[in-house]
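The values are calculated or read from the model by the stated rules, or taken from the named source; none is laboratory data. Because the structure is a prediction, the values reported are computed rather than measured. Every residue, glycine as well, gets a Cβ built from its backbone with ideal geometry; the counts of neighbours run over all protein chains shown.
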Amino acid sequence: MRNVLLRNDLSLSLKFGFLGLGMGGCSIAYECATIRTQITNSHNPYTALLINTNEVDMRKFKEHSNVRKMQLSGFEKGAGRDIAIGEAAFKQHRDIIQREAIEHFADRDFVWVTGGLGGGTGTGSILEAIRMLYANGFKDRCGLMITLPRDNEGTTVIENALDRLQMLAKAMNNLGCILAVDNQKLYNDFIKEQPQASISEYLDYSNKYIATALHEINVVTASFNPIAGYHFDSSELLNTLKTPGLISIGKLEFASNAIDTANQATFLPDFKRSIERGTLSDGYNLGKAARVAVSMVAHPGTAKRIFSMSFINSIETTIEGLSPMATEKPVAAYEDPKGEDLSIYTIVAGLGFPNRVNQLVTKAKEAQEKAEDFLGQEDSALSALSGFTRKKQSEQTGSISDDPFAAASEVASTKQIKNDDLDPFSILK
C-alpha cells in the first residue's frame with residue numbers, strides 16, 4: 001500500500017501504546033508515537049512513555065501531547081552500558097513509572113515495551129518493565145519489541161544482549177509476543193541501497209521502517225472489505241499478539257501486471273521468500289510456528305483477476321508447507337478502491353529465537369577467545385623493561401673522587417659539592 005499516512009479512509013485495528021526504555025527503545029517508541037495520519041479523530045493514534053537515565057539523550061525527543069518523557073533523577077549521566085545500573089534506576093523510580101504507565105496507557109488495546117538490547121538502561125530495565133505491566137492489569141495486552149545489536153558494536157554490547165536474552169528465553173512461554181528487530185539485517189539492507197549515507201541517516205531510516213511496518217499491519221486488518229471466505233480481523237490480530245514466542249512480519253508488493261496466475265513462478269517463490277526473510281528479522285524455524293496469517297490487498301479490478309481459487313490455494317499450500325504445526329492459517333483477500341499494486345502482509349507467531357542469536361553467541365565466544373590469546377601474549381615493552389638495568393654513574397664516567405674505593409654515596413656527595421661551587425650564570429658573562 002502506498003501513501004498510507006496520507007489517506008483519511010483507513011481504520012486502525014488496535015490502539016497501541018509504547019513504553020520506551022533507554023536510548024534505543026525511546027527512539028523506536030517516539031517514532032511510532034509520532035506517526036501522524038489523516039484519519040478523523042486518529043491523527044495521533046499511538047502514545048508513548050519514554051524512560052531514560054541520560055539527561056542529554058532525552059533532549060532529542062520533542063514534546064507532544066501523546067508523548068511523555070521521564071528522566072530518572074540521580075542517573076543523569078546515564079548507565080554507561082552497565083545493566084545493573086539500568087535495572088537499579090528503574091527499580092528506584094518504579095512507583096512513579098507505574099503511576100505514569102497506568103494513566104498513559106489506560107485506553108490502550110496493546111502496549112509494546114521497546115528496548116535496544118546491549119546498552120545499560122534499556123537492557124537493564126526491560127524485565128522490570130514487563131513485570132510491572134503484568135502486575136498492573138496489562139498481562140494479556142503487552143509484548144516486547146527488542147533490537148539485536150550489530151556485529152561491530154563491541155563485546156560489552158553483545159554480552160549485555162545475550163545476558164537478557166537468556167532470561168527472556170526462560171520466561172518467554174509466559175509472555176506475550178516478542179518482536180525482534182535485527183539491526184545487522186536492517187543495516188546490511190540499508191548500506192546496499194545507500195552506501196554513502198551517514199549513520200544518523202541509517203538510524204532515522206531504521207526507526208521509521210519499524211514504525212511503518214507495524215502501522216501498516218495495524219491498518220490492513222481493519223480497513224478493507226474481504227472478498228474471499230475469510231477475514232483476519234482486529235480481534236484475531238490481538239490474539240496473535242498474545243501468542244507467546246517470537247513474532248515475524250513480512251511484506252511483499254507486486255505490480256498488478258507482473259502476476260500471471262497460471263504461472264506460479266511469477267509470484268510464489270517471492271511470496272515464500274518474503275516470509276522466510278521477514279521485514280525486521282529472519283532465520284526462524286517456521287516449522288514450529290503456532291499461528292500464520294496472510295492479508296492480501298489489491299485494487300478491485302486487480303483483485304477480481306488475481307484472487308482466484310487456484311491462486312489462494314497456492315498461497316495456502318505454501319503456508320502449510322512452511323508451518324505445518326500452526327493451528328490457525330487464515331488467508332484473507334481484500335479490495336482497496338484506492339490501491340494500485342498487490343500488497344501481501346504476513347504475520348507468523350509462536351516462533352523460537354532467530355538464527356541471529358546463534359550468530360551473536362558465536363561472536364561473543366570468538367571475542368572471548370581473542371581476549372584470552374592477547375592476555376596470554378608477552379608484552380614486548382614490559383619484557384624489554386624487565387631486562388633493562390641502569391648502570392651506576394661511577395660505572396659510566398668513572399669516579400670524580402681521588403679515592404677509587406670511595407662508596408657511591410661519597411662520590412655523589414663530592415659531585416654535588418663541586419656543582420654547588422659553579423656560577424649558573426657564568427655562561428652569560
Scanning for something charged (D, E, K, R) and within 21 Å of the chain's Cα centre (by Cα), does segment 92-105 turn up at least one residue?
-> no
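Residue-wise test of (1) more than 19 Å from residue 347 (Cβ to Cβ); (2) of a type in the set (Asp, Glu).
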{"site": "154", "(1), (2)": "yes, no"}
{"site": "166", "(1), (2)": "yes, no"}
{"site": "169", "(1), (2)": "yes, no"}
{"site": "175", "(1), (2)": "no, no"}
{"site": "178", "(1), (2)": "no, no"}
{"site": "183", "(1), (2)": "yes, no"}
{"site": "189", "(1), (2)": "yes, yes"}
{"site": "204", "(1), (2)": "yes, yes"}
{"site": "209", "(1), (2)": "no, no"}
Just one listed residue, out of 11, 27, is in contact with a helix residue (DSSP H, G or I) (Cβ under 8 Å, 6 or more places away or on another chain), buried (at least 22 other Cβ atoms within 10 Å of the Cβ), assigned by the TED database to the domain that holds residue 160 and among the hydroxyl-bearing types (Ser, Thr, Tyr), and it is 27
Counting only residues in segment 197-239 that are under 23 Å from the mean Cα position of the chain (by Cα) and part of a loop (DSSP other than H, G, I, E, B), the one surrounded by the most Cβ atoms within 10 Å (Cβ to Cβ) is identified as 197
Note on segment 302-325: residues under 11 Å from residue 271 (Cβ atoms) and aliphatic (A, V, I, L, M) are 315, 319, 322
Margin query: Any residue that is buried (at least 17 other Cβ atoms within 10 Å of the Cβ) and more than 22 Å from residue 158 (Cα to Cα) - is there at least one of those in segment 72-82?
Written below: yes
Apart from one, (1) over 14 Å from residue 25 (Cα atoms); (2) among the basic types (Lys, Arg); (3) modelled with pLDDT of 95 or more all hold for residue 69; the odd one out is (1)
Would a scan of segment 215-236 turn up a residue that is within 19 Å of residue 185 (Cβ to Cβ) and out of contact with any Lys or Arg (no Cβ under 8 Å at 6 or more places or on another chain)?
yes
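Here is a yes/no grid of residues against (1) of a type in the set (Gly, Ala, Ser); (2) at pLDDT below 95:
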{"position": "117", "(1), (2)": "no, no"}
{"position": "129", "(1), (2)": "yes, no"}
{"position": "136", "(1), (2)": "no, no"}
{"position": "144", "(1), (2)": "no, no"}
{"position": "165", "(1), (2)": "no, no"}
{"position": "172", "(1), (2)": "no, yes"}
{"position": "177", "(1), (2)": "no, no"}
{"position": "180", "(1), (2)": "yes, no"}
{"position": "198", "(1), (2)": "yes, yes"}
Going through segment 30-44 in order, the residues found to be among the hydroxyl-bearing types (Ser, Thr, Tyr) and either surrounded by fewer than 19 Cβ atoms within 10 Å (Cβ to Cβ) or not assigned by the TED database to the domain that holds residue 54 (or both) are 34, 40, 42
Selection over segment 71-104 where residues are without any contact (Cβ under 8 Å) to a residue 24 or more places away in the chain and acidic (Asp, Glu) yields a count of 3
Reported set for segment 88-107 where residues are surrounded by fewer than 20 Cβ atoms within 10 Å (Cβ to Cβ) and either of a type in the set (Lys, Arg) or over 26 Å from residue 15 (Cβ atoms) (or both) is 88, 91, 92, 94, 99
Selection from segment 317-337 of residues of a type in the set (D, E, K, R) and surrounded by fewer than 20 Cβ atoms within 10 Å (Cβ to Cβ) yields 320, 328, 329, 335
Residues of segment 29-59 being in contact (Cβ under 8 Å) with a residue 24 or more places away in the chain, over 21 Å from the mean Cα position of the chain (by Cα) and more than 13 Å from residue 5 (Cβ to Cβ), in sequence order, are 40
Of the residues in segment 265-316 that are of a type in the set (Lys, Arg) and more than 30 Å from residue 358 (Cβ to Cβ), the one that is surrounded by the most Cβ atoms within 10 Å (Cβ to Cβ) is 305
Expected output for segment 158-186 (first residue within 26 Å of residue 250 (Cβ to Cβ), partner in a helix (DSSP H, G or I) and among the basic types (Lys, Arg), Cβ below 8 Å, 6+ apart or cross-chain) is 176/242; 177/242; 180/356; 182/356; 184/356; 185/356
